[in-house]
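The values are calculated or read from the model by the stated rules, or taken from the named source; none is laboratory data. The structure presented is a predicted model; accordingly, all values stated were derived computationally and were not measured. Ideal geometry is used to build each Cβ from the backbone, glycine not excepted, and the neighbour counts take in all protein chains shown. These accessible areas exclude ligands, DNA and RNA; they are computed on the full protein's heavy atoms, side chains included. Shrake-Rupley method; radii C 1.70, N 1.55, O 1.52, S 1.80 Å.
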Amino acid sequence: MKIYPAIDLMNGQVVRLAQGRFEDRTTYKKSPFEAAQGFVASGSTYLHVVDLDGAREGRPMQVDLLRSLAAEVPLKLQVGGGVRTVEHVEALLSAGVERVVIGSLAIQDPKLTKRIFETYGAEHITLGLDVMLDDSGEPRVATHGWQQVSSISAHEVLDSYMGMGLNQVLCTDIKRDGMMSGPNFALYKKLQTEYPRLCVLASGGMHKVEDIRQLKADGVGGAIIGKALYEGTISLEEALQC
């Protein structure tokens, strides 16, 4: 099971949003480098970074910072936020990022997204699905930094990219993100069961180490942990031991 401690960046600072609302954020005193070095000390292998400025602007805004982070910290970086073109993907990979998260682009321009898979390989691309459940419980995909919710289901998107060698998907339950109310276990177990070839990364609502144990018991491929680390309700060491 992969554990990705998370850093959300806004104006070069570490922040966390509540349910994706830019106006409802908490700013932490640690710099991105201090946070990342703390994760290394705890034994982490991975780091998930969200460029919130990029998500809002529609283009990566933190490339220089990410390049420095990749050079100074021995972690495998997975980065998303504002990736809309081949050039954006190239810039991030050239900066030392291991995996680029493709979110809105996968919905808006499947043809271009498939070209990115062909050019860089599925091992460098993570499909990012930010979802809100409709009245029937079907996860509907949101785009543009969660500011727009489409009628497209997560299953439709996954089905369209499985033939491209897709091997990792990051699924965020927007309603739970940053709320520390516990993850949507049923959603992630269902996705992992339906797509056993994928590593499904659960994101949103992590609150205690038991959440990680439950996800592992359900066979879920990995988890993103953000606010719970900064608020001290989950110890990264304990999460990694799971």
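Counted residue by residue at 0.36 nm each, then reduced by the alpha carbon distance between them, the extension gain from residue 119 to residue 76 reaches 13.5 nm.
Averaged per residue, region 1-47 has 45 square angstrom of accessible surface, using a 1.4 angstrom probe with ligands and nucleic acids left out.
Computing mean projected area of the Cα convex hull in nm² directly from the structure and comparing it against (1) 15.4; (2) 11.3; (3) 13.1 singles out (2). Rounded to whole numbers, the Karplus 3J(HN,Hα) couplings from phi for region 105-115 are 4, 5, 8, 7, 9, x, 4, 5, 4, 5, 5 Hz, using 6.51 cos²θ - 1.76 cosθ + 1.60 with θ = phi - 60°, and x at Gly and Pro. If r is the Cβ-Cβ distance from residue 42 to residue 67 and R0 is 30 Å, what FRET efficiency results, to the nearest 0.05? It comes to 0.80.
Of all lysines in the structure, the ones whose alpha carbon falls short of 21 Å from that of residue 190, not counting any fewer than 8 places away in one chain, are 2, 175, 216.
Taking amide H atoms as placed 1.01 Å from N in the peptide plane, the amide H of residue 125 lies under 5 Å from those of 100, each 5 or more residues away in sequence or on another chain.
Protection proxy ranking for 55-62, 85-92, 222-229, using the average of other Cβ atoms within 10 Å per residue and placing the highest first: 222-229, 55-62, 85-92. Couplings for region 222-233, taken from phi via the Karplus curve 6.51 cos²θ - 1.76 cosθ + 1.60 with θ = phi - 60°, read x, 8, 9, 10, x, 4, 4, 5, 6, 8, x, 8 Hz in order; Gly and Pro are left as x. Report summary: the helix-based calculation at 222 nm, which adds -39500 (n - 2.57) for every DSSP H run with n ≥ 4 and divides by the residues of the chain, gives -10000 deg cm²/dmol. Close amide H partners of residue 61, meaning residues 5 or more places away or on another chain with modelled amide H under 5 Å apart, are 54. Taking 7 Å steps out from each Cα toward its Cβ at residue 197 and residue 86 produces label points 2.5 nm apart. Which stretch or stretches of region 159-192 have amide N atoms under 16 Å from the point lying 7 Å from residue 136's Cα along the Cα→Cβ direction? Inside the label zone: nothing.
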